[in-house]
Amino acid sequence: RPLSLLILDCDNFKRINDSYGHLEGDRVLQSLASVITQRLRASDSAYRYGGEEFVVVLPETEAEAGVMLAERLCQAFAAEKIMTASGQSIQCTVSIGIARYVPEETRDSLIRRADDAGYEAKRLGKNCVVLAPPA
């Protein structure tokens, strides 16, 4: 059965924490979580996967449909204006790596391919989606 996995990494997150503080950084992550959950189907699931990373599991989803969702997530999060407690506006972007499960692939391999694609998205200038090649 098709399954796609997205790994989202908040761009320049250390700079946000350093400039605005960790509480405002948390506000940014909450905003990203909201953007993600508002766009998922009932069968999809999302999880915080690290400091500023999230994983989205998309069952019954071919790579092309996963890329389309990832691009919508990039656009929606880039358009978010996150207001700080002091009334400042923060805008942030996200880089997304996506991998489609290949039969017989291990969980670790699937995650590694999506993560590597996310690093490639960062290398390409951030705020974009990169689809991992098949294992």
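The values are calculated or read from the model by the stated rules, or taken from the named source; none is laboratory data. Everything numeric here is computed off the predicted structure, so don't read it as measured data. Cβ sites come from the backbone with ideal geometry, for glycine too, and all protein chains shown count toward neighbours. Just the protein is used for accessible areas: all its heavy atoms, side chains included, with ligands, DNA and RNA removed. Shrake-Rupley method; radii C 1.70, N 1.55, O 1.52, S 1.80 Å.
Numerical summary
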item	result
Subset of region 9-23 [touching a helix residue (DSSP H, G or I) at 6+ places or on another chain (Cβ under 7 Å), in a helix (DSSP H, G or I) and surrounded by 18 or more Cβ atoms within 10 Å (Cβ to Cβ)]	PHE13, ILE16
Boolean, SER89 is touching a strand residue (DSSP E or B) at 6+ places or on another chain (Cβ under 7 Å), under 11 Å from ILE7 (Cβ atoms), of a type in the set (S, T, N, Q) and open to solvent by less than 70 Å² (accessible area, probe 1.4 Å)	no
Members of region 101-134 found to be in contact with a strand residue (DSSP E or B) (Cβ under 6 Å, 6 or more places away or on another chain), aliphatic (A, V, I, L, M) and not in a strand (DSSP E or B), listed by number	LEU110, ALA114, ALA117, ALA121, ALA132
Test: residue in region 70-83 that is part of a strand (DSSP E or B), touching an Asp or Glu at 6+ places or on another chain (Cβ under 9 Å), β-branched (Val, Ile, Thr) and over 14 Å from LEU5 (Cα atoms)	yes
Among the candidates LEU58, LEU32, residue that is assigned to a helix (DSSP H, G or I) and touching a residue at least 12 places away in the same chain (Cβ under 8 Å)	LEU32
Looking only at region 35-54, and only at residues there that are of a type in the set (A, V, I, L, M) and outside any strand (DSSP E or B), the one that is surrounded by the fewest Cβ atoms within 10 Å (Cβ to Cβ)	ALA42
Residue list for region 55-86, filter: out of contact with any Ser or Thr (no Cβ under 7 Å at 6 or more places or on another chain), more than 22 Å from PRO133 (Cβ to Cβ) and either of a type in the set (A, V, I, L, M, F, W, C) or open to solvent by 30 Å² or more (accessible area, probe 1.4 Å) (or both)	ARG72, GLN75, ALA76, ALA79, ALA85, SER86
Single unsatisfied condition, SER4 versus (1) in a helix (DSSP H, G or I); (2) in contact with a Lys or Arg (Cβ under 8 Å, 6 or more places away or on another chain); (3) in contact (Cβ under 8 Å) with a residue 60 or more places away in the chain	(1)
